[in-house]
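The values are calculated or read from the model by the stated rules, or taken from the named source; none is laboratory data. None of these values were measured; they are calculated from a predicted model. So basically every Cβ, Gly included, is an ideal-geometry build from the backbone, and we count neighbours across all protein chains shown. For accessibility, only protein heavy atoms count, side chains too; no ligands or nucleic acids. Shrake-Rupley method; radii C 1.70, N 1.55, O 1.52, S 1.80 Å.
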Amino acid sequence: MHLEQFSYDNKIVRNFGIATIIWGIVGMSIGLLVALQLIFPELNFMTQYTTFGRVRPVHTNAVIFAFVGNAIFMGAYYSLQRVLKTRMFSDVLSKIHFWGWQLIIVASAITLLLGYTTSHEYAEMEWPIDVAITIIWVVFGVNMFGTIIKRRERHMYVAVWFYIATFVTVAVLHIVNSIQLPVSFWKSFYVYSGVQDALVQWWYGHNAVAFFLTTPFLGMMYYYLPKMANRPVYSYKLSILHFWSLIFIYIWAGPHHLLYSSMPSWVQSLGVVFSVMLIAPSWGGMINGLMTLRGAWDKVRVEPVLKFMVVALTCYGMATFEGPMLSLKQVNAIAHFTDWIVAHVHIGALGWNGFMTFAILYWLLPRIYKTELYSKKLANYPLLDWYTRDFVLCHPNVLGCSGSGVDVERVYSGRCVEISKLLVYYFGNHSYAYDESTWR
Amino acid sequence: MNEMINGTEAVAEVSQWKIGAVNLYSDILIVTLIVVMITLLIAAVMVNKAMKSILKVTMPEVVKQEAEEKKRKAEARKAGWKALWNKIMGIRPIEQEKDLITDHDYDGIKELDNPVPIWFNALFYGTICFGFIYLLVYHVFGIGMNQDQEYEHEMAMAEKARQEYLAQAANLVDENTVEFNEALAASGKAIFTANCAACHGANGEGGIGPNLTDRYWLHGGEIKDIFKTVKYGVPDKGMVPWEQTLTPAQIAEVSSYIITLRDTNPANAKAAQGEEVEKYESEKVEE
Ligand code: HEM
Ligand code: HEM
């Protein structure tokens, strides 16, 4: 018998992990600034570069593409190698991917603050950056498919299906929604206009939620949860069913962002029904995760990583139930211009993406650095606190106030301030653990 | 006023439901019935208890058998429910897990071959049905309103509310607030023809009542005077008080119409009565 020798590339995973932490702190601190600006207008600092309008997109892009983006690459690079039993296809491509992505983030932050924007939410970057994103994304794709091709496993695990769906769909979304005619280096015009522009934009926007904030995280859930709990995945059949139904149905739901607009009524209705049909496929992921924990609930009581996973999964379940309800025209008529939407966003983005990222960091970094978590007790703190504050105090507040105007901003931003404080605890813990204590 | 009257009636009706308000005999009947029922119930329970203890003494083995039978049935029922529940939830006993493990193994991760839970399928197909029904309701049967229809519906509702408000606002006028408004004269004319022409002539030239087109007035010729005369009438002299018959808005309309009759000099004009008004208020303003 011939024994092959190979090693996994953990360095790239570590780099993406560190980037995740740094951008997490940056992005959420900016979120805190944005929240505070809503209460204290003086914090706009009287310069154009620091006004709410410029800083808010820096928050959204920083948390989604920098924090969550790096977390995806960290999670995927670690798990891909292991479920495919091979090293990444090319270390050079991995490095190009890593540094290219960080450069894109820095360039985006600078240009957005300088006021260069296409004004399309979650796609604000001007065309040169769009081109760079496309190139780096292709690098990621080549690296991933190269790895898949040289794999030592016969079959592909569910996690890999989800990563493939992520790569393919994000590529299509990004390219189609970025078709612009440049007029100068930092100015371009979209080829679509009016209602078509809106429809393409929210087809993109909604599927960014689906294929950047959902599918990669489901993939990661399928790898890390069974590993953390040391339990078999609950149902293979369910994973097939909810994978295909999710990616099929998500694509059509974008019009729920454009209810009561000049978009034709029948398109709006289609968006509504596809959103409602999304409940089950989304919950499929949640229950497959929660049921995987069956027989391991005693571990959940003591393991912070599992607690974080459970919070993430339940937040996912809530966001994907709330979302379809918000899609109903009667509900949307009330909720659309209120902070209810912002609350929905953060249940999904912070609750599901953020908490799963924290869980994976907690689980992964000790393994990569071959150390122990600095303090489990500290790890428990933000979790419980966030749980109680957010669910008991804040969400009902936001819900209750959203109809009534004036004070909503205050309530909401107050909540964000709370969350930010907790994140400081959280990251404080991290930096101790790995001696990367420079930013503590 | 009307509402208040209706209100008192409703209160009276409700208070009739109090004990003693209807009929003393039916109250006695109801109380007696309740007492009898309770006594019967207690008696039945006691008889049952007595029977059981007699049975226990005379035929102990039958009683035991029965109790066992009952327990077995309850257990079977419970197990049945549990099985159904597990089936719906897609849960198999955890001991059977090893039979469900597929031969997949990825970096130590195993997958079970659990079925898709029934409730999950029900939810999924349920939402799909909802989708079809939703589309039918909004786009085929036209029961639900799309945004254009909603807009029109709401505008119509608002228009109706506006009209109602205006009508009410028109009825809020009295002899102190009424103003001449030429736009009201047209509907005022119809009211005049229907109610006043018999005494004041088709063109206001006079008859039983005085001429309303000249500059001579018994009770004043300004809009506020006319409104007051029409509203309260001059019952002693044969001019009807219209307060009960016409709404304030209608009185304002017919009063405005009468102002427009000024100096029209119709044929067969009745001789002047009352004092001459040399200059009306409106004419004074013009100077
Ligand atoms: C400390 C944590 C955070 C704070 C304090 C925070 C704060 C805020 C604030 C104040 C806004 C603007 C709300 C408004 O315009 O009224 C916002 C918007 C947003 N945030 Fe965060 N945020 C945090 C974490 C996150 C995370 C982790 C994500 C995503 C992974 C995220 C994604 C977004 C998005 C997508 C929006 C735009 C929502 C919309 O346009 O409807 N946030 N956040
Ligand atoms: C079944 C799944 C979901 C459905 C049907 C859904 C539906 C909706 C609806 C109706 C809105 C409000 C649009 C508006 O009135 O402006 C919305 C906003 C949003 N949702 Fe969801 N949602 C779902 C899941 C999620 C998840 C899991 C996340 C995050 C991970 C998320 C992130 C967002 C964001 C970022 C926005 C704000 C978009 C904006 O900037 O206006 N959604 N979603």
### Task
Kindly indicate whether any position in the range A:51-61 is farther than 24 Å from A:Ala208 by Cβ and either within 16 Å of ligand 1 (Cβ to nearest atom) or at pLDDT below 95 (or both).
yes
### Message
Which pairs turn up if I take residues in the range B:101-119 that are facing chain A (nearest Cβ under 7 Å) and outside any strand (DSSP E or B) and look for partners that are open to solvent by 70 Å² or more (accessible area, probe 1.4 Å) and basic (Lys, Arg) with beta carbon separation below 6 Å, at least 6 apart in sequence or on another chain?
### Response
B:Val116/A:Lys237
### Task
State whether one or more residues within the range A:90-108 are open to solvent by 30 Å² or more (accessible area, probe 1.4 Å), in contact (Cβ under 8 Å) with a residue 60 or more places away in the chain and farther than 29 Å from A:Trp186 by Cα.
yes
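Looking at B:Gly221, is it touching a His at 6+ places or on another chain (Cβ under 8 Å) and either open to solvent by less than 60 Å² (accessible area, probe 1.4 Å) or in the same structural domain as B:Lys237 (by TED's automatic domain parsing) (or both)?
Working: touching a His at 6+ places or on another chain (Cβ under 8 Å): no; either open to solvent by less than 60 Å² (accessible area, probe 1.4 Å) or in the same structural domain as B:Lys237 (by TED's automatic domain parsing) (or both): yes.
So B:Gly221 does not fit the description; no.
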### Task
Output the residue which, of all residues in the range B:235-266 that are under 42 Å from the mean Cα position of the chain (by Cα) and free of Cβ contacts under 8 Å to residues at least 24 places away in the same chain, is most open to solvent (accessible area, probe 1.4 Å).
B:Gln244
### Query
In this structure, is A:His59 within 16 Å of ligand 2 (Cβ to nearest atom), assigned by TED's automatic domain parsing to the domain that holds A:Thr117, in a helix (DSSP H, G or I) and under 30 Å from A:Thr117 (Cβ atoms)?
yes
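Touching a residue at least 60 places away in the same chain (Cβ under 8 Å) and in the same structural domain as B:Gly188 (by TED's automatic domain parsing): is that true of B:Glu276 in this structure? Show your work before the answer.
Details: touching a residue at least 60 places away in the same chain (Cβ under 8 Å): yes; in the same structural domain as B:Gly188 (by TED's automatic domain parsing): yes.
So B:Glu276 passes the test.
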### Task
Being over 43 Å from the mean Cα position of the chain (by Cα) and not hydrophobic (A, V, I, L, M, F, W, C) is the filter here, so list the residues in the range B:110-130 that pass it.
B:Lys110, B:Glu111, B:Asp113, B:Asn114, B:Pro115, B:Pro117
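Can you tell me which residue is farthest from the other protein chains (Cβ to nearest Cβ) among those in the range B:139-176 that are surrounded by 14 or more Cβ atoms within 10 Å (Cβ to Cβ) and in contact (Cβ under 8 Å) with a residue 60 or more places away in the chain?
We begin by selecting, within the range B:139-176, every residue surrounded by 14 or more Cβ atoms within 10 Å (Cβ to Cβ); these are B:139, B:144-147, B:150, B:170-171, B:173-175.
If we keep only those that are in contact (Cβ under 8 Å) with a residue 60 or more places away in the chain too, we end up with B:170-171, B:173-174.
Values: B:Ala170: 34, B:Asn171: 35, B:Val173: 37, B:Asp174: 40 Å.
Per the stated criteria, the residue is B:Asp174.
Among the listed residues A:Pro57, A:Pro41, which satisfies the condition of being open to solvent by less than 40 Å² (accessible area, probe 1.4 Å), more than 18 Å from A:Ile12 (Cβ to Cβ) and either more than 14 Å from chain B (Cβ to nearest Cβ) or without any contact (Cβ under 8 Å) to a residue 24 or more places away in the chain (or both)?
Working: A:Pro41 fails: open to solvent by less than 40 Å² (accessible area, probe 1.4 Å).
None of the others qualify; the one that does is A:Pro57.
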### Summary
Pairs returned, first residue in the range B:123-138 that is more than 20 Å from A:Gly317 (Cα to Cα) and more than 8 Å from chain A (Cβ to nearest Cβ), second residue that is exposed (fewer than 15 other Cβ atoms within 10 Å of the Cβ) and of a type outside the set (S, T, N, Q), beta-carbon separation under 6 angstrom, 6 or more apart or interchain, are B:Val137/B:Ile143
### Query
away from ligand 2 (no atom under 14 Å from the Cβ) and modelled with pLDDT of 90 or more, is that true of A:Leu290?
yes
## Note on the structure
Taking the range A:143-174 and keeping residues open to solvent by 40 Å² or more (accessible area, probe 1.4 Å), in contact with a Ser or Thr (Cβ under 8 Å, 6 or more places away or on another chain) and more than 14 Å from chain B (Cβ to nearest Cβ) leaves A:Lys150
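Collect the residues in the range B:91-100 that are more than 7 Å from chain A (Cβ to nearest Cβ) and of a type outside the set (Lys, Arg), keeping them in residue-number order.
If the condition is that a residue be more than 7 Å from chain A (Cβ to nearest Cβ) and of a type outside the set (Lys, Arg), then B:Ile91, B:Pro93, B:Glu95, B:Gln96, B:Glu97, B:Asp99, B:Leu100 are the ones that fit.
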#### Entry: Looking only at the range A:241-263, and only at residues there that are touching a residue at least 24 places away in the same chain (Cβ under 8 Å) and outside any helix (DSSP H, G or I), the one that is most open to solvent (accessible area, probe 1.4 Å)
A:Ser262
### Query
Filter the range A:316-345 for residues that are free of Cβ contacts under 8 Å to residues at least 40 places away in the same chain and within 9 Å of ligand 1 (Cβ to nearest atom); which is farthest from the chain's Cα centre (by Cα)?
A:Ile341
### Selection count, the range A:185-206, where residues are more than 14 Å from ligand 1 (Cβ to nearest atom) and open to solvent by less than 60 Å² (accessible area, probe 1.4 Å)
8
### Query
Hey, among the residues in the range A:121-142 that are closer than 20 Å to A:Ile30 by Cα and among the aliphatic types (A, V, I, L, M), which one's surrounded by the fewest Cβ atoms within 10 Å (Cβ to Cβ)?
A:Ala123
### Query
In the range A:68-88, is there at least one residue being part of a helix (DSSP H, G or I) and open to solvent by 30 Å² or more (accessible area, probe 1.4 Å)?
no
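Please go through the range A:260-274 and give me each residue that is at the interface with chain B (Cβ under 7 Å from one of its Cβ atoms) and either of a type in the set (A, V, I, L, M, F, W, C) or farther than 14 Å from B:Asn146 by Cα (or both), ordered by number. Please lay out each step first, then the result.
Kept after step one, since they are at the interface with chain B (Cβ under 7 Å from one of its Cβ atoms), are these residues of the range A:260-274: A:260, A:265-266, A:269, A:272-273.
A:Trp266, A:Val272, A:Val273, listed by residue number.
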## Note on the structure
The residue from A:Ala312, A:Ala296, A:Ala343, A:Ala319 that alone is in contact with a His (Cβ under 9 Å, 6 or more places away or on another chain), more than 7 Å from ligand 2 (Cβ to nearest atom) and not assigned by TED's automatic domain parsing to the domain that holds A:Ile72 is A:Ala343
### Task
Could you list all residues from the range A:227-239 that are at the interface with another protein chain (Cβ under 9 Å from one of its Cβ atoms) and open to solvent by 10 Å² or more (accessible area, probe 1.4 Å)?
A:Lys227, A:Asn230, A:Arg231, A:Pro232, A:Tyr236, A:Lys237
### Message
Given the criteria surrounded by fewer than 22 Cβ atoms within 10 Å (Cβ to Cβ), away from chain B (no Cβ under 14 Å) and either under 24 Å from A:Pro226 (Cβ atoms) or within 16 Å of ligand 1 (Cβ to nearest atom) (or both), does A:Thr118 qualify?
### Response
yes
### Subset of the range A:275-309 [open to solvent by 20 Å² or more (accessible area, probe 1.4 Å), in a helix (DSSP H, G or I), away from every other protein chain (no Cβ under 11 Å) and not basic (Lys, Arg)]
A:Leu290, A:Trp297, A:Asp298, A:Val302
### Task
Out of the residues in the range A:328-340 that are within 16 Å of A:Val272 (Cα to Cα) and either near ligand 2 (Cβ under 8 Å from one of its atoms) or surrounded by fewer than 18 Cβ atoms within 10 Å (Cβ to Cβ) (or both), state the one that is farthest from the other protein chains (Cβ to nearest Cβ).
A:Ala335
